[in-house]
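Read-outs: derived from the displayed coordinates by stated rules, not from any lab. Keep in mind that this is a model prediction, so the values were computed, not measured. Positions of Cβ are generated from backbone atoms using ideal geometry, with glycine treated the same way; all protein chains shown enter the neighbour counts.
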Amino acid sequence: MRALVRWVVLVLVAGLALQFFFLARIALMATIDPQSTTFQRSEAWRIATQKDKLRWRQQWVPYGQISDNLKRAVIASEDGSFTSHEGVDWEALEKAWDRNVKAEEQAARRAGRAQLAPRAVTPRSASSRST
């Protein structure tokens, strides 16, 4: 019993430590501009290994200096109907929910068939055959 309690406490402490790590990382990024993103680093590596030359230039600007049109374009690229809803696209959310439910049902049916398949092809032993 003590071992179980120790494991539960360890898992909770590890979870809290992970959350603290994420919180600290976000707070750090709010004050210090990140040099690059994971996507940028992977693309830089791909270009450097394929083309042997990488031209890279990046300049951070204050948020107020970014064009409102660019801000709207970024939002529109993420949500095509952002002008017609008030923060949440309920229709898209409902469609995504239905799609996920169907995918889970299909996965459950496949898993059920996968579990039944070995039973269907397993030969019966001589003692279980009816004579």
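The charge dipole of the range 67-117, taken about its Cα centre with unit charges on the Cβ of Lys, Arg, Asp and Glu (plus for the first two, minus for the last two), comes to roughly 460 debye. Listed by chain and number, the lysines placed with their C-alpha closer than 27 angstrom to that of Lys71 are Lys95; residues fewer than eight positions away on the same chain are left out. Qualifying GluC sites (Glu not before Pro) in the range 1-89, where qualification requires a DSSP coil assignment and no more than 16 other C-beta atoms within 10 Å, comprise Glu86. Sparse packing (at most 13 other Cβ atoms within 10 Å of the Cβ) combined with a DSSP loop state is found for the following chymotrypsin sites (Phe, Trp or Tyr not before Pro) in the range 1-71: Trp56, Trp60.
Neighbours of Ile47 by Cβ distance under 14 Å: Lys/Arg scored +1, Asp/Glu scored -1, total +4. Taking a Cβ cut-off of under 15 Å around Arg110, the surrounding Lys, Arg, Asp and Glu residues balance to a net charge of +1, with basic ones at +1 and acidic ones at -1.
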